[in-house]
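A.B. asks: Before I ask anything, here is the structure I am working with.
The values are calculated or read from the model by the stated rules, or taken from the named source; none is laboratory data. Predicted model only: the values in this text are computed from it and were never measured. Please note: Cβ atoms are built from the backbone with ideal geometry, for glycine as well, and neighbour counts cover all protein chains shown. Quick note on the areas: whole protein, heavy atoms, side chains included, nothing else; ligands and nucleic acids left out. Shrake-Rupley method; radii C 1.70, N 1.55, O 1.52, S 1.80 Å.
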Amino acid sequence: MAEPRASQPETFPQPVEGTVMPRFADIPTFMRLPVQRDATQLDIALIGVPWDGGTTNRPGARHGPREIRNMSSMMRKIHPVSAIQPYSLARVGDHGDVPVNPADLTDTLERVERFFARVHAAGAVPLSAGGDHLVTLPIMRAIARHRPVGMVHFDAHSDTWDSYFGGFKYTHGTPFRRAIEEGLLDPKRTVQIGIRGSLYHADDMDWAYEQGIRVIGIEEYFDLGVARVIEEARRVVGDGPTYVSFDVDGLDPVYAPGTGTPEVGGFSTHEAQRMLRGLQGLDLVGGDVVEVSPPFDPSGNTALVGATMMFEILCVLADAVARRRDAGEAP
């Protein structure tokens, strides 16, 4: 696959290199990029959503964006396998955090939607660090209101439950059911990879299947192998606009213990990297990495995993942005 051209890469924001300023020094930003509060100056906006008000058990994902920023100092400029140079393909910057309300779920959903609607209107593609998985719903409300998106979803859980605690509709276990109901997410262009874990009821997954979601449970995942799973994911989402959502609990908890709802028996970090790389060439319009909960992993390894997966998504997202630009398409 030919590398897309960059129109004026010498003018694009660049990370501070570790050979110029030590990685442990200076103010931490995503990928050591400049802070850019004006989204019109960005092709890809890296955004933190420090909120976990949708969490139903172990909290702490509100601290994810800050620690992912810290660990993203380990990322460099060029992808070691695909050779993609994201900062030469697109204008990428740290767009800061959404001003969330930790005491009010409804207000936070509205704040996140407004923030991302401004980013979308400015023509920038969002790549976010959460936060619990409920944050994906208001992001989709902002970027998919006028046309539904497909999704490649890495997770241990389908997140298509209807309600919790006697009818409460908004938790980190319900975002994609709400997104489908609201016409934001096309279930027939949605693939979920790594689903596993014990159930509350025998019919917990029925709604997802009935909508036409392609669910690749972890047993099927291991039976198929990485290459065939990528092939299947590409088949499902096709050529339409596609969102990538990566919940770190899709990984086996030996790789990402710092998360709210760990499930044993997941895929490895290397397998996840290979799957994300396999999305190159799709019409990607946004992505997120969610459920990094630093208080449950004092080693910092889960935040490093989050930063690494964010860089993997950034590379294929920058490739998609450059291809649309080269084809003369709108962002």
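A.B. asks: If you build the convex hull over the alpha carbons only and average its shadow over all orientations, what do you get for the stretch 216-331? Give it in nm² to one decimal.
C.D. replies: Convex hull of Cα atoms, orientation-averaged projection: 7.1 nm².
A.B. asks: Hey, could you pull the Cα Rg and Dmax for the chain, both in Å?
C.D. replies: Expressed in Å, the Cα Rg and Dmax of the chain come to 18.2, 57.
A.B. asks: Roughly to the nearest percent, how much of the accessible area of the chain is carbon and sulfur, given a 1.4 Å probe?
C.D. replies: With neighbouring chains kept in place, the figure for the chain is 52 percent.
A.B. asks: What shape does the stretch 43-140 have by the C-alpha gyration tensor, where a ≥ b ≥ c are the square roots of the eigenvalues, rounded means a/c under 1.5, and otherwise prolate means a/b greater than b/c and oblate the rest?
C.D. replies: oblate
A.B. asks: In addition: Under 10 Å, Cα contacts only: if you run a Gaussian network model on the chain, which one of Asp97, Asp297, Asp52 comes out with the highest mean-square fluctuation?
C.D. replies: Highest fluctuation among the options: Asp297.
A.B. asks: On a 0 to 90° scale, report how tilted helix 105-121 is relative to the longest principal axis of the chain, with both axes built from alpha carbons and the result rounded to the nearest 10.
C.D. replies: 40 degrees
A.B. asks: In what sequence, highest mean first, do 184-196, 159-171 appear when ranked by Cβ atoms within 10 angstrom?
C.D. replies: 184-196, 159-171
A.B. asks: Report the full-extension gain for the segment Ala83 to Arg145: residue separation times 0.36 nm, less the Cα-Cα distance, to one decimal in nm.
C.D. replies: In short, 18.9 nm is gained.
A.B. asks: Before rounding to the nearest 500, sum -39500 (n - 2.57) across all DSSP H runs of length at least 4 in the chain and divide by the residue total; then give [θ] at 222 nm in deg cm²/dmol.
C.D. replies: Per the formula, -9500 deg cm²/dmol.
A.B. asks: Report the accessible area of Glu329, computed with a 1.4 Å probe over the heavy atoms of all protein chains in place, in Å² rounded to the nearest 10.
C.D. replies: 100 Å²
A.B. asks: If each of Thr11 and Asp326 carries a label point 7 Å out from its Cα toward its Cβ, how far apart are those two points in nm?
C.D. replies: That separation, rounded to one decimal, is 2.0 nm.
A.B. asks: Same structure, new question: Highest mean first, how do 20-32, 128-140, 111-123 rank when packing is the count of other Cβ atoms within 10 Å averaged over residues?
C.D. replies: 128-140, 111-123, 20-32
A.B. asks: Give me the distance in nm between label points sitting 7 Å out from Cα along the Cα-to-Cβ direction at Asp107 and Asp239, one decimal.
C.D. replies: The two pseudo-label positions are separated by 4.7 nm.
A.B. asks: All other residues with a Cβ under 12 Å from the Cβ of Glu113 taken together, and with Lys, Arg as +1 and Asp, Glu as -1, what is their net charge?
C.D. replies: +2
A.B. asks: Using only the alpha-carbon atoms, how far is helix 226-237 inclined from the longest principal axis of the chain? Give it as 0 to 90 degrees, nearest 10.
C.D. replies: 90 degrees
A.B. asks: Given a cut-off of under 8 Å on Cα pairs at least six residues apart, what relative contact order in percent is computed for the stretch 146-293?
C.D. replies: 28 percent
A.B. asks: Something else now. Please report the net charge: other residues with Cβ closer than 12 Å to the Cβ of Val100, K and R +1, D and E -1.
C.D. replies: With Lys, Arg at +1 and Asp, Glu at -1, the net is -4.
A.B. asks: By average Cβ neighbour count within 10 Å, what is the ranking of 202-209, 245-252, 280-287 from highest down?
C.D. replies: 245-252, 280-287, 202-209
A.B. asks: Here's a follow-up. Below 8 Å, C-alpha to C-alpha, sequence gap of six or more: please give me the relative contact order for the stretch 30-327 in percent.
C.D. replies: Across the stretch 30-327, relative contact order equals 23 percent.
A.B. asks: The stretch 10-59: D in µm²/s via Stokes-Einstein (Kirkwood Rh, Cα pairs, 10 °C, 1.306 mPa s)?
C.D. replies: In µm²/s, the coefficient rounds to 117.
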